[in-house]
Structure formats: C-alpha cells, structure tokens
Ligand SMILES: Cc1ncc(COP(=O)(O)O)c(C=O)c1O
C-alpha cells in the first residue's frame, strides 16, 4: 500500500511509543499488555485526530484553502486538535459545536477542550441543536474554506490510521510479537476503520476489537465498513473483508459522553497501575471493554490510547467526586 501519493503535512511526532504495561497485565491476570501511546504525539495536547488531519489538511493546503470548518460536541477532541493544527499552519478555524451531551456546568461548557479551542484562536460557535448547527454552518464564510466531517472521519482521514497500523505492526514485530489483539475506541469510526484496513492489507494474523462509545453496534459496524471501504478505494485496493474485526457497544452506558461507574473504575485502574490517564468519553469506555477482553486473550493485547486528556478536565467535578 502506497500512502506517498497523498498530500500530507506533518503534525505529530512519529512513531508514538508502544509501552509495556506489566502492572496492568498483572492486575488483569491475562497475557502481556501493551499500550500504544497515540495520546502523546505532540501538537495541541495530542490525540488520534492528528494522524487524520495530516492527510485532511494536506489536501486542504493543496487546494489553496485558508479556512477549516468542522463540527463536534462541546468537548470535542477533534475540534481542539483541528484548532491547534490550524494555529500551526496559519489557517482560520471555525468550530461549529453542538450541545448534544446532557452535561452542564462551568467545567463541561467552558473548560477542558473548550478553553483550548479559544486559546488556539478558533472561532467557536455553540449551537443548541442540529437545526441551529445547520444554520450556523451555512452562515459561516465558505470562501476558500474546507469542511471536515465530525471526527475527521472520511476515507482520506482513515488513511491516517492505515499508516498507524503499519507503524504498530512494525513495532510489535521488533518485539517479536507477530500476533495480538488490538482494542480501539470507536466514535466517528476512522480510527478503528484505519487499523482494521491497514492490518488486513498487511495480511497480519491478529484481531481488532472496536468498542463503540456512541453508536449502537450495527450502526458502528456499518460505519467502520463504509470508511474502510472508502479508504481502500482511495488506495485502489479491494473492498476489505474485515473478518478479523469485532465491534461492541455494551460499554456505552446511558449514552455518548455520559460517565459510567465502570468507566471511573477503569480510569483508576490504568492510573494506579501504569500512571496512564484515560478520558471519560472515549478511552475510558473502550478500556472497560479492554478489561473484559484482555484476560481471555491467548496472545498479547494492545490498548490503543487515542488521547482525550483535555476532555478529562471537562468532567473535573465528576472526577473530584469519584477520587
Ligand atoms: C480521545 C478520542 N478517542 C477516540 C476517538 C474515536 O475516534 P474515531 O472518531 O476515529 O472513531 C475520539 C474521537 O472523537 C477521541 O477524541
């Protein structure tokens, strides 16, 4: 697979570390555990969106854009990383955010990712519902603008995680690990889709488990399949079979962005065994699935840490009440 044909800007530090997590493995009582640290890739407090944005903004610059418009929930990590990338590249950033998570208060509405969006110089528009989101989006100046989908998830953005799959498989191989179970959070889908497609194109024998944090299982599966198919088409590869991929939705709890008690427990587990901080919306809920799957795995288990630390501070009062 040749990714060099696509315009790309460098935004993060690569490769990200692949770390042993022996104390976490001992606590889970199963096979060796590794954490792929896509939370510590640099720009704007880091996270998984940088890999997608390298391709999305590479194309935007090639098209001569000077403005980027994108969407998300109030505490969107994608919006914050897009704002940081735009700051670095000298692009205007319009964040059209929707108050779709039933959380309120100063921390959720103004701190965490939101304050960083402002610091990175983005124009932040907060909309009450989908209707207002459309109106505000239409009212923003579209001259020389590109619009990125929620989460940066389209075929092109998915290529960022195809590249990540190649990086991860190389790092595992260097350690003598040629088969593993990879657990990935799934929101808008391109992260899981890229890992799924990349590992299939490499003919890797391991499995990929996507833990949906927002969509019901069938929708999440369809989204993953669609994005992997779109990315495969860009690579002029066959539609992937994805037989090595499973998707679950049973750790979402009451809904996207709504904390669960299992999530808080697993945040504490990662923190007290490895000093690793997960976030309440994505990695925390995916790690609940990871905690369940890991002990039964006969091969090493990799947790893909996709970032989200600023989002943790959006939930500061809830975290304080827990710990
Ligand atoms: C920290 C974090 N992890 C995981 C995800 C999910 O990634 P994707 O949207 O590619 O499924 C997101 C995206 O919103 C995120 O911010």
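Computed from the coordinates by the stated procedures, all read-outs in this text should not be read as laboratory data. On a predicted model such as this, the values are computed, not experimentally measured, just so you know. Note that we place each Cβ from the backbone using ideal geometry, even for glycine, and neighbour counts take in every protein chain shown.
For the residue pair residue 66 and residue 226, what label-to-label distance in nm results when each label sits 7 Å from Cα along the Cα-to-beta-carbon direction? Label-label distance for residue 66 and residue 226, simple model: 3.4 nm. Over all pairs of different C-alpha atoms in the range 171-226, the reciprocal of the mean inverse distance, the Kirkwood hydrodynamic radius, equals 11.9 Å.
When the P(r) is computed for the range 188-304, the part past 16 Å accounts for 61% of the Cα-Cα pairs.
Please report 234, 74 as a ranked list, fewest other C-beta atoms within 10 angstrom at the top and most at the bottom. Lowest count first: 234, 74.
From the Cα gyration tensor of the range 31-113, with a ≥ b ≥ c the square roots of its eigenvalues, which class applies: rounded if a/c is under 1.5, or else prolate if a/b is larger than b/c, or else oblate? Judged from the Cα gyration tensor, the range 31-113 comes out oblate (a/c at least 1.5, b/c at or above a/b). Here the peptides 255-265, 4-14 are ranked by packing, the mean other Cβ count within 10 Å, and the order with the highest first is 255-265, 4-14. D by Stokes-Einstein for the chain, Kirkwood Rh over Cα pairs, 25 °C, 0.890 mPa s: 125 µm²/s. With Rh defined as the Kirkwood radius, the inverse of the mean 1/r over Cα pairs, the Rg/Rh of the range 123-248 is 1.07.
Rounded if a/c is under 1.5, else prolate if a/b beats b/c, else oblate: with a ≥ b ≥ c from the C-alpha gyration tensor eigenvalues square-rooted, which is the range 255-321?
prolate
Taken over the C-alpha atoms, the range 1-153 has Rg and Dmax values of 17.5, 56 angstrom. Remark: relative contact order (the range 92-246) = 21 percent; criterion is Cα-Cα distance under 8 angstrom and separation of 6 or more residues.
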